[in-house]
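The structure under discussion appears below in the form of structure tokens.
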Amino acid sequence: MSSRFNPQFTYYRRDKLAEVFFSIFLVGLFFPRRMFSGLPEAKNLKDSGILLGMYLAIPSILMTTTFGAVASTMAPNMVIGALIFISILPLSLAIGLSTSLLWSKWLSWSLSRLSGKPVSMISVFQVCAYSGPPFVIAWGPYLGPVMALWNLVLNWKGLRFHCRVDGWKVLLAMVSGVVLLALMILILAIALFLLLPENVNMLLESVALILQQRGWL
């Protein structure tokens, strides 16, 4: 009898990207422990980056059509507005991937010290890539915070069952990482507000408008 959980289609394959996208989306949302327990070791960052980029592409496209449209209308002229609009998609993808790489670097470093064994960044980034399905529906009204939390839950499950690290140690590493990230964002926001108050106010107005449209405010 064949298993309903078929690694041939569930795990990353360059020649079956469509099947992989939907298979990991469903299994990652509903059967994460089973998925991460049988996850083969990644050989490089590239494949995980492609997979994660596939899941980040959908919210990035939606961000382009909403945030990009609003921000471009507030630009001083049409040329700058057009540049803002076309730059949102690659910029949001770049931010998403680079943030995930930094997150993976932190978790790899902290878990290696907490667990007393090497936890490679390649494996951690692979977990982040397979934790990407919540990003697809995070842009829906009222779903953002829930999907962000579910992404962290998938990270926790992946690090526990794929990287074989104790759950409490994974939780400690993740909480400390979130706190550190929040402090960095706060410092950056304060610096931007002090240096570029008008630009920050325009950005805040744009974000507030988008959040109202999405039902988050």
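The values are calculated or read from the model by the stated rules, or taken from the named source; none is laboratory data. Not measured: the values here are computed from a predicted model. All Cβ positions, even for glycine, are placed from backbone atoms using ideal geometry, and neighbour counts span all protein chains on display.
A few remarks follow.
- Hits in region 22-68 (condition: outside any helix (DSSP H, G or I) and among the aliphatic types (A, V, I, L, M)): 39, 42
- Residue in region 101-131 that is nearest to residue 53 (Cα to Cα), counting only those that are among the small types (Gly, Ala, Ser) and in contact with a Leu (Cβ under 6 Å, 6 or more places away or on another chain): 129
- For residue 208, the conditions (1) out of contact with any helix residue (DSSP H, G or I) (no Cβ under 7 Å at 6 or more places or on another chain); (2) part of a helix (DSSP H, G or I); (3) at pLDDT 80 or above all hold with the exception of (3).
- Within region 141-171, considering residues that are touching a residue at least 24 places away in the same chain (Cβ under 8 Å) and aromatic (Phe, Trp, Tyr), the one farthest from residue 55 (Cα to Cα): 161
- Checklist (1) surrounded by fewer than 19 Cβ atoms within 10 Å (Cβ to Cβ); (2) modelled with pLDDT under 90; (3) under 22 Å from residue 59 (Cβ atoms) applied to residue 192, failing item: (3)
- Members of region 136-168 that are surrounded by fewer than 18 Cβ atoms within 10 Å (Cβ to Cβ), in a helix (DSSP H, G or I) and touching a Leu at 6+ places or on another chain (Cβ under 7 Å): 137
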